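Peer 1: Below you will find the structure I want to go over with you.
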């Protein structure tokens, strides 16, 4: 099965922890990241001052944060399907951290 290649070309903040992400294929996703901000990598992003340091890495073609957190562009592109799966994982990460 072929894995679709998606490229993030831009983003804008639309609310706290919520970004509108634009893709090379002309589509956009408005993503509320709060449900997935748990665990060692994504947990620090639950701090607004850290989340707001998001930038577009044109080499990796996705969103990145200074702590090394990033998301596969295909995951961002397919967020309506992938977001709930990641949120379930994040709940398990939060449970393990306790």
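Peer 1: In a Gaussian network model over the chain where Cα atoms closer than 10 Å are linked, find which of 28, 75, 62 has the largest mean-square fluctuation.
Peer 2: 75
Peer 1: While we're looking at this one, here's another question. Nearest 10 degrees is fine. How inclined is helix 79-97 to the longest principal axis of the chain, computing both from alpha carbons?
Peer 2: 20
Peer 1: With springs only between Cα atoms under 10 Å, which of 38, 15, 69 fluctuates most in a Gaussian network model of the chain?
Peer 2: Evaluated over the chain, the most mobile residue of the options is 15.
Peer 1: Further question: Restricting to DSSP H runs of at least four residues, report the calculated mean residue ellipticity at 222 nm for the chain, -39500 (n - 2.57) per run over all residues, nearest 500 deg cm²/dmol.
Peer 2: Counting only the DSSP helices, I get -9000 deg cm²/dmol.
Peer 1: Pick from 81, 47, 59 the residue whose mean-square fluctuation is largest in a GNM of the chain, springs joining Cα atoms under 10 Å.
Peer 2: Highest fluctuation among the options: 59.
No lab work stands behind these numbers, since they all come straight from the coordinates. In this text, all values refer to a predicted model and were calculated from it rather than measured experimentally.
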